[in-house]
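Chemist: Got a structure here, written out as structure tokens. Questions coming.
The values are calculated or read from the model by the stated rules, or taken from the named source; none is laboratory data. Being a predicted model, the structure only gives us computed values, none of them experimental. All Cβ positions, even for glycine, are placed from backbone atoms using ideal geometry, and neighbour counts span all protein chains on display. Just so you know, the surface numbers come from the protein's heavy atoms only, side chains and all, with ligands and any DNA or RNA stripped out. Shrake-Rupley method; radii C 1.70, N 1.55, O 1.52, S 1.80 Å.
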Amino acid sequence: WIRIPGTRVDYPIVQREGDNGYYLNHTIDGRKKTEGSIYTEDYNSKDFGDANTVIYGHNMKNGSMFGKLRMFKKQDYYEQHPYFYIYTPDGKEVKYQIFAVCIVEDTSESYERFYNNDEEYMDYLKHVKSIACYDTGVEVTVESRIVSLSTCTNVTDTQRLLVHGVKISETVVGE
């Protein structure tokens, strides 16, 4: 589950093995609908333990799904909403702090998820920060685990908005 306090983002996250496009236009209960679902591709582990997990959702005009992510293009909005949370099936609440908001092409290296070594990963993190819309001041290191929220910008067919968050804490819900 993903939740961004103060926004409408409060949805389950799904994944379909062998069909990464299914949830682009299907709801979690299998109904075919334009808004689809919030999902990860099967390249990412379900426990969010990868160096970078990309989560996709549509930029709906009514603000649903990832429609409100567009507000993060403004630094003052980020400053009011610097965190998002992922709730795992094993009862953990994982807190992420947004460290970069970027507008990229859908073929951008910003979608890279796998790195051969720490140097490649650090180069990736530096690249993301260098193309960010503004400086958040949030530091990331090779030990960082990040989640990248991806949606369309609705400006061109190939332009995407990425909101990158770094894991800062993990707690068991109810403790």
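Chemist: Taking the Cα centroid of segment 30-64 and of segment 106-131, what is the distance between the two, rounded to the nearest whole Å?
Modeler: 20
Chemist: What share of the DSSP beta bridges in segment 33-175 is antiparallel, in percent to the nearest 5?
Modeler: So the antiparallel bridges amount to about 85 percent of the total.
Chemist: Which percent of the accessible heavy-atom area of segment 1-97 goes to carbon and sulfur, probe 1.4 angstrom?
Modeler: That fraction is 47 percent.
Chemist: Now for a separate question. Rounded to the nearest 20 debye, what is the charge dipole size of the chain about its Cα centre when +1 sits on each Lys and Arg Cβ and -1 on each Asp and Glu Cβ?
Modeler: In debye, rounded to 20, the chain gives about 900.
Chemist: What ranking of 66, 114 comes out by heavy-atom accessible area, probe 1.4 Å, highest first?
Modeler: Ranking 66, 114 by accessible area, largest first, yields 114, 66.
Chemist: At 1.4 Å probe radius, can you tell me the per residue accessible area of segment 1-138 in Å²?
Modeler: Per residue, segment 1-138 has 51 Å² of solvent-accessible surface.
Chemist: How charged is the neighbourhood of residue 67? Take every other residue with its Cβ under 10 Å from the Cβ of residue 67, and add Lys/Arg as +1 and Asp/Glu as -1.
Modeler: +3
Chemist: If I take every Cα pair under 8 Å that is 6 or more residues apart in segment 77-175, average their sequence separation and divide by the length, what percent do I get for the relative contact order?
Modeler: Averaging sequence separation for qualifying contacts and normalising by length gives 39 percent for segment 77-175.
Chemist: Amide H neighbours of residue 60 under 5 Å, counting only residues 5+ apart in sequence or on other chains, H built in-plane at 1.01 Å?
Modeler: Here 66, 67 satisfy the definition.
Chemist: For a test of the definition: using alpha carbon positions, the gyration tensor, and the 1.5 limit on a/c, classify segment 125-175 as rounded, prolate or oblate.
Modeler: Because a/c hits 1.5 or more and a/b fails to exceed b/c, segment 125-175 counts as oblate.
Chemist: While we're on this one: Which entries of 68/129; 61/167; 73/167; 129/167; 126/167; 46/167 have Cα-Cα distances beyond 19 Å here?
Modeler: 68/129; 61/167; 73/167, as the Cα separations exceed 19 Å there.
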